[in-house]
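Novice: Let me begin by handing over the structure; questions about it come next.
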Amino acid sequence: MLLISHTGQNNLGKEVQRDIDNFLKEMNDASDLVEYKVLAQRQIHNFIATGIAMPVILDDLTIREWGQVKEPYIAFYGCVDASEIASWMEKYNPRIFDPNIRFFLGGKTDINS
C-alpha cells in the first residue's frame, strides 16, 4: 500500500497523478501488487483525533441465504463463511472491534479471546 499524504486542500495535480499512475502500471505489470491511497493532512488529523486509523470496509462481502425483517426495526441477516470472518481479523484487527465496547475494556480479555 502506497500512502500519499499532503498538506493541500485540493486533489493531487495532474502531473503528480500521472506519475503515480505510471508507477502503478510499472509495479502491477504482472499482477496487482501495489495499491495507493491519498490522504490530506486534514484527514490524517481527523483519524488521529477520533482514534480511528482507517475505516473497516467490507466491500467484497458475500452473504448467502440473506433476508430482512422490518419490525420492530429494519434489519438484514444472512450467512457468511467463517473463513471470511477470520480473514477480517487478520486484515482489520483490532479496528474491527472499534465500535464494540469490549475493545475499550482491553483487547486481551477471556471473552475477546
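No lab work stands behind these numbers, since they all come straight from the coordinates. Just so it is clear, the model here is predicted, and its values are computed rather than measured. Cβ: placed from backbone, ideal geometry, glycine included. Neighbour counts: every protein chain shown.
Novice: Gain in length, Met27 to Ile57, computed as 0.36 nm per residue apart minus the alpha-carbon separation, to one decimal in nm?
Specialist: Contour length minus the Cα-Cα distance gives 8.3 nm.
Novice: Another question, if that's okay. Applying the Karplus parametrisation 6.51 cos²θ - 1.76 cosθ + 1.60 with θ = phi - 60° to the phi angles of region 84-91, what ³J(HN,Hα) value in whole Hz is obtained for each residue in order, glycine and proline being reported as x?
Specialist: Computed from phi, the couplings for region 84-91 are 5, 5, 4, 5, 5, 4, 5, 7 Hz.
Novice: Let me ask you something else. Compute the Cα gyration tensor for region 1-42, then decide on rounded, prolate or oblate, letting a ≥ b ≥ c be the square roots of its eigenvalues: rounded whenever a/c is under 1.5, prolate when a/b is larger than b/c in the other cases, and oblate in all that remain.
Specialist: oblate
Novice: While we're on this one: According to a simple spin-label model (label point 7 Å from Cα along Cα-to-Cβ), what is the distance in nm between Thr7 and Gln68?
Specialist: Distance between the two pseudo-spin positions: 4.7 nm.
Novice: Using a simple spin-label model with points 7 Å from Cα along the Cα→Cβ vector, what separation in nm is obtained for Ser87 and Val34?
Specialist: In this crude spin-label approximation the distance works out to 2.4 nm.
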